[in-house]
Structure formats: C-alpha cells, structure tokens
Amino acid sequence: MSKIILKLEKLNFFGFHGVNQNEIKKGQNFILDLFLEYTPSHNLDLLVKTSDDLENYIDYIELYDLVKASFNQKRFNLIEALGSQIIEDIKKKYKSILYLKLAIRKPSIAIDGNEDFINMEIEYKK
C-alpha cells in the first residue's frame with residue numbers, strides 16, 4: 001500500500017486556552033506541528049503512477065483551515081483536550097488517514113527562567 005506523508009509545521013495561532021487566569025484573560029501564542037500519513041484516493045502503484053488532480057489528495061490549505069477552525073472553535077483548559085479535538089475533527093473529515101501526530105507548544109510560558117519548554121504531543125494510528 002502506498003502512502004503520502006504531509007506535514008504542517010510551525011503553525012502559529014493566538015488563543016485563550018489554559019487554566020491560569022493570565023492565559024484566559026490575555027491569551028497567548030501556540031505553535032502547532034502536524035504530521036500525517038494517508039492513502040491517496042486513487043491507486044498509486046508504489047508512487048510510480050502519479051496523479052496531478054488535487055481531489056485525489058488532501059489539500060493542505062483545506063487542512064490548515066480545518067486545524068485553525070478547530071483551534072478557535074472553543075476555549076479549552078488543557079492543551080491535551082484541544083489536541084484531541086483537532087485530531088477528531090481531522091479524522092472525521094479525512095477517512096484516508098492512517099496516522100496523525102500533533103504537537104502543541106506554549107512558547108510564552110516561563111517558569112524559573114525556563115522558557116518555551118511546554119510541548120504536548122498526541123498521536124492517532126488507524
């Protein structure tokens with residue numbers, strides 16, 4: 001079976017997700033990295049035969065818009081819940097997904113001089 005790997009990296013969104021009052025009131029930047037594997041809708045015989053028709057593949061602009069909409073859909077206390085919602089929305093839209101990995105970073109959090117150290121990853125495998 002042939003598969004396609006698609007990555008959306010360093011997506012920067014502003015949101016009010018978190019449990020601390022400062023996060024809820026002022027918001028913060030989040031950086032998302034998405035890695036997915038899927039099977040194209042046509043028969044790619046070991047990727048030798050290629051199709052130049054977008055409808056056979058996942059449109060990365062459409063995928064970006066879906067991730068952004070999921071991110072902004074509602075406020076979450078936990079980035080784990082936010083990540084789970086994004087993964088579920090992607091799975092619902094694209095049935096050809098074999099594997100998904102989503103990383104969410106909170107670069108503005110600082111504790112004891114440590115900055116840009118919060119990173120959560122969630123994975124899905126069919």
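Read the figures in this text as sums done on the coordinates, not as results from a lab. Just so it is clear, the model here is predicted, and its values are computed rather than measured. Every residue, glycine among them, receives a Cβ derived from its backbone with ideal geometry; neighbour counts consider all protein chains shown.
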Under 18 Å by backbone N from the virtual spin label 7 Å along Cα-to-Cβ at Y124, the residues of the range 1-37 are 4-9, 32-37
Given R₀ = 30 Å, what would the calculated FRET efficiency be for I4 paired with D33, taking r from the Cβ atoms and rounding to 0.05?
0.95
Could you order the peptides 54-62, 27-35, 85-93 from most to least packed, using the average number of other C-beta atoms within 10 Å per residue?
27-35, 85-93, 54-62
Computed over the Cα atoms, what is the radius of gyration of the range 4-125 divided by 2.2 N^0.38 Å, N being its residue count?
1.20
Result: in the range 4-125 the number of Lys pairs with C-alpha under 12 Å apart, spaced 8 or more or on different chains, is 5
Kindly express, to the nearest 10 degrees and within the range 0 to 90, the angle between helix 79-93's C-alpha long axis and the longest C-alpha principal axis of the chain.
20
Please list, ordered by chain and number, the residues whose modelled amide H lies under 5 Å from the amide H of I118; skip anything fewer than 5 residues away on the same chain.
K106
